[in-house]
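What follows is one structure encoded as structure tokens, with my remarks underneath.
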Amino acid sequence: MITIAAYDLRVHVSANDPDKCEEALVFSDILIAGLTPNLVPSARSIQFLLVESNPADSYLIVEGLKRAGLTGGVRVIEDSQQALDYLRNDGQPDLILLDLNLAPLTGLELLAEIRSSPRLESIPVIVISGSENANDIRKVYQLKANCYINKPASLDQFLSFLKTCYDFWATVVTLPPRDSN
């Protein structure tokens, strides 16, 4: 059972002070959303690794993350072997965005390599793919990806997905600490 608390907000402001009216409205909107002003989460700086072979998709993902409020950085690597070399040689992103359609290693093979490494296995991996193949999706989860997301068809849906993804990983989730070695 879920209980939602209701707020009885009584605001007494003078009609002669529009700034106070605006502050009260903003404050009431926050309360209506179920939050108090000091509990609104703020995004932390996240370092992404994007492994994507399609330059157009890479561009859209990076721009979408920037529009979503990205304060960290995104390293884009198109070649899966180069991505694995980067990760093995002290590359330590907070989060990996991974496409399946890669070469020379497939995205599934790269994911298997990441999960077999004690230093890399705790890095969250989000698979973003255009594939709706049930076997691919099953294999992604068997290899312990954190989630599988089909690339949305429209630009608006794609940007909305990136905003939701960024908000979730930058404000809600507690990410594993980076390796100090």
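What list of ³J(HN,Hα) couplings, whole Hz, do you get for the stretch 60-65 from phi and the Karplus terms 6.51, -1.76, 1.60, once you set θ to phi - 60° and write x for glycine and proline?
Per-residue couplings from phi come out as 4, 5, 4, 5, x, 5 Hz.
Sequence-distant or interchain residues sharing an amide H contact under 5 Å with Gly73, placed H: which?
Ile46, Gln47, Phe48
For q values of 0.12, 0.16 Å⁻¹, compute log₁₀ I(q)/I(0) with the Debye formula on a Cα-only model of the stretch 47-172, without solvent.
For the requested q values the scattering log ratios are -0.40, -0.73.
Can you check what the net charge comes to around Asn54, using other residues whose Cβ is under 13 Å from the Cβ of Asn54 (Lys, Arg +1; Asp, Glu -1)?
-4
Short version: ³J(HN,Hα) in whole Hz for each residue of the stretch 155-168, in order, from phi by Karplus 6.51 cos²θ - 1.76 cosθ + 1.60 (θ = phi - 60°), x for Gly and Pro, what are they?
The phi angles translate into 4, 4, 5, 5, 5, 5, 4, 5, 4, 4, 4, 5, 4, 5 Hz.
Would you mind computing, in nm to one decimal, how far apart the modelled labels at Ala112 and Cys147 are, each placed 7 Å from Cα along Cα→Cβ?
Reported label-point gap for Ala112 and Cys147 is 2.6 nm.
Can you check what the net charge comes to around Lys151, using other residues whose Cβ is under 11 Å from the Cβ of Lys151 (Lys, Arg +1; Asp, Glu -1)?
Neighbourhood net charge equals -4.
Since every read-out is calculated from the coordinates, none of them should be taken as a lab result. In this text, all values refer to a predicted model and were calculated from it rather than measured experimentally. Note that we place each Cβ from the backbone using ideal geometry, even for glycine, and neighbour counts take in every protein chain shown.
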